[in-house]
Amino acid sequence: MTDTKTLKIGLFGFGTVGQGVWKVLRSARNAHAEIRRICVRNISKPRATVVPDGMLTDRAEDIFDDPEINLIVELVDDADASFRIVSTALSRGIPVVSGSKAMIARHLPELIELQRKHDTALLYDASSCGSIPVIRNLEEYYDNDLLLEVKGILNGSSNYILSRVFDHGEDYESALRRAQELGFAESDPSFDIDGFDALFKLIIITVHALGRFVPAEEIFTCGISHIDDCDIRYAREKNRKIKLVAQVVKTEPDAFTMFVMPELVEPSRYIYSVDDEYNGVVIRGECYDRQFMFGKGAGGLPTASSILSDIMARRHDYRYEYKKMEYVNRPHYTTDVTVRVYIRYNRTPIPQLLIFSTIHEQLLTPGHKYIIGDVNLSELIANRDIFNAPDVFIANIPIFFRDKDN
Ligand code: HSE
């Protein structure tokens, strides 16, 4: 391509990822893109990265009203502000690159409509799995009916915490603090450890994997904050690791399910060896069985690399076409599927509260009780409040595709 188009960027947000984008763009000699203005909430806040005088502003209009700016990069850590910025830009026909997964997962149908109405583009590969190019691959390479499952570790912070606790014997609280210091965790880290960050990514992935948008409230989501030494001991005894796993699975030719839960992972699985802040995504399809993508899913520079990729894609006017949303016979979302779970509890009387179709194993000692059984996912959703009790920890024991894997 000849160098006919230089991108002049208006950047919103200058935190860990925003500063990463600044650095990456300065060394990307073929990007043909420059940051013209950076809009932040607080100009005088001390920042590690020094920018030229006048580059920072706290007025969004300085970016929106600059006729030279032909791309907006939005990296704001506030879902409402982020939606205002992105919807304003798209409504004015200005293309956007965004990393705001919470906002995108909540507003994707409206954002798709805005792109169509104003004939412009929103790219967001950085929103899901940091440096791993999941979205664009699902959109382009996997643009067919073969896909059966996308499953993996989509949250770097919780994986970092679990790795430190599991493999290095650190305590949970100090591992969480370290994840925050290293810039992996969200400003509210409960999003990471309670599974919502992985959920938002899964919702976005599902739109590009199967052409369906499922609202967050309809999806069973449970995180790792109630994990206890006895769960770690149990996993070790069974030669498994506990990982926070998000999955979207075609359970029938015309139906799929999705959920986020800790999982007892066997050593033979690809994701067993995905440790620290790394993410790992397994894509399963007819004809090709499984493929595995691995990489850094959190942190300023890895996420900035994905933003750079989207910026450069805009030089070629790339946009998502949401082709799978137009497919005939798109599968429908169902929660009427059986899952096998390990539930550890103490005071909460799990066997009386949940209906199990089969109980495989049960331990009932005064201080430590668990049950392993088959339960309908809709039963878990209907009783999701149970899992807020601090004495209850749930982990999935995978049963989908067992016939194919063994
Ligand atoms: N808090 C997120 C994570 C950052 O830990 O994965 C990347 O989305």
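The values are calculated or read from the model by the stated rules, or taken from the named source; none is laboratory data. Because the structure is predicted, anything quoted here is derived from the model rather than measured. Glycine gets a Cβ as well: all are built from the backbone with ideal geometry, and neighbour counts include every protein chain shown. Please note that ligands, DNA and RNA were not included when accessible areas were found on the heavy atoms of the full protein model with its side chains. Shrake-Rupley method; radii C 1.70, N 1.55, O 1.52, S 1.80 Å.
Rounded to the nearest 0.05, the FRET efficiency derived from the C-beta distance between E218 and R177 at R0 = 35 Å is 0.55. For the set K8/K101; K101/K241; K101/K296; K296/K324; K5/K101, the pairs lying more than 22 angstrom apart at their alpha carbons are K8/K101; K101/K241; K296/K324; K5/K101. How big is region 1-55 by the Kirkwood estimate over distinct Cα pairs, in Å? Roughly 12.2 Å, rounded to one decimal. With all protein chains in place and ligands, DNA and RNA left out, the 1.4 Å accessible area ranks M312, M55, M258 as M312, M55, M258, largest first. Averaged over its residues, region 120-258 has an accessible area of 33 Å² per residue, based on protein heavy atoms and a 1.4 Å probe. Sorted from greatest to least, the principal axis extents spanned by the alpha carbons of the chain come out as 68, 50, 33 Å. What the phi angles of region 171-181 give under the Karplus curve with 6.51, -1.76 and 1.60, with θ = phi - 60°, is a coupling list of 8, 4, 5, 6, 5, 5, 4, 5, 4, 6, 4 Hz, glycine and proline written as x. Treating each Cα of region 159-246 as one equal point scatterer and applying the Debye formula with no solvent, the log10 of I(q)/I(0) at q = 0.26 Å⁻¹ comes out as -1.26. Here the chain is treated with +1 on each Lys and Arg Cβ and -1 on each Asp and Glu Cβ, and its dipole about the Cα centre works out to around 620 debye. Values of log10 I(q)/I(0) for region 68-158 across q = 0.14 Å⁻¹ run -0.55, by the Debye formula with one identical scatterer at each alpha carbon and no solvent.
Taking 10 °C and 1.306 mPa s as conditions, region 203-316 diffuses translationally at an estimated 96 µm²/s according to Stokes-Einstein applied to its Kirkwood radius (Cα pairs).
Modelled this way, with points 7 Å down the Cα-to-C-beta line, the labels at H118 and K238 are 4.9 nm from one another. About its Cα centre, region 102-145 has a charge dipole of approximately 220 debye under the convention of +1 per Lys or Arg Cβ and -1 per Asp or Glu Cβ, with nothing else charged. DSSP assigns beta bridges within the chain; of those with both partners inside it, close to 70 percent run antiparallel. Rounded to the nearest 20, the Cβ-based charge dipole of region 261-406 about its Cα centre (Lys and Arg +1, Asp and Glu -1) stands at 220 debye.
Given a Förster distance of 30 Å, report the FRET efficiency between R84 and T334 from their Cβ-Cβ distance, rounded to the nearest 0.05.
Once rounded, the FRET efficiency stands at 0.30.
Among E277, E263, E252, which one moves the most in a GNM of the chain with springs linking Cα atoms closer than 10 Å? Most flexible of the set in this elastic network: E252. Applying 0.36 nm per residue to the separation of S91 and K404 and subtracting their alpha-carbon distance, the gain on full extension is 108.0 nm.
Mean silhouette area of region 252-350, derived from the convex hull of its C-alpha atoms and averaged over all directions, reads 10.8 nm².
Restricting the trypsin sites (Lys or Arg not before Pro) of region 51-141 to loop positions (DSSP other than H, G, I, E, B) with no more than 12 neighbouring Cβ atoms within 10 Å leaves R59, R92. Close amide H contacts of L71 (hydrogens built in the peptide plane, cut-off under 5 Å, sequence separation of 5 or more or a different chain): K8, G10.
With all protein chains in place and a 1.4 Å probe, the accessible surface of the chain carries 48 percent carbon and sulfur. Only Cα sites of region 21-136 enter the Debye sum here, all with the same form factor; the resulting log10 I(q)/I(0) across q = 0.12, 0.20 1/Å is -0.45, -1.28, listed in q order. Remark: region 105-218 projects, on average over all directions, an area of 8.7 nm² (convex hull of Cα atoms).
Put +1 on the Cβ of each Lys and Arg and -1 on the Cβ of each Asp and Glu in region 52-189; which of S158, V86, G54 then has its Cα farthest toward the positive end of the dipole? With unit charges placed on the Cβ atoms, the residue in question is S158.
Of all lysines in the structure, not one lies under 16 Å Cα to Cα from K323 without also being fewer than 8 positions from it along the same chain. Remark: spin-label model distance K323-D228 equals 5.0 nm, labels positioned 7 Å along the Cα→Cβ axis. Using the alpha-carbon positions of region 286-406, Rg (one decimal) and Dmax (whole number) come out as 21.2, 64 Å.
Working from label points 7 Å from Cα in the Cα-to-Cβ sense, the R26 to N383 distance is 5.6 nm. Entry note, the chain: the mean residue ellipticity at 222 nm calculated from DSSP H runs of n ≥ 4, each adding -39500 (n - 2.57), is -9500 deg cm²/dmol after division by the residues and rounding to the nearest 500.
For K117, the aspartates and glutamates whose Cα comes closer than 14 Å to its Cα, not counting residues fewer than 8 places off in the same chain, are E321.
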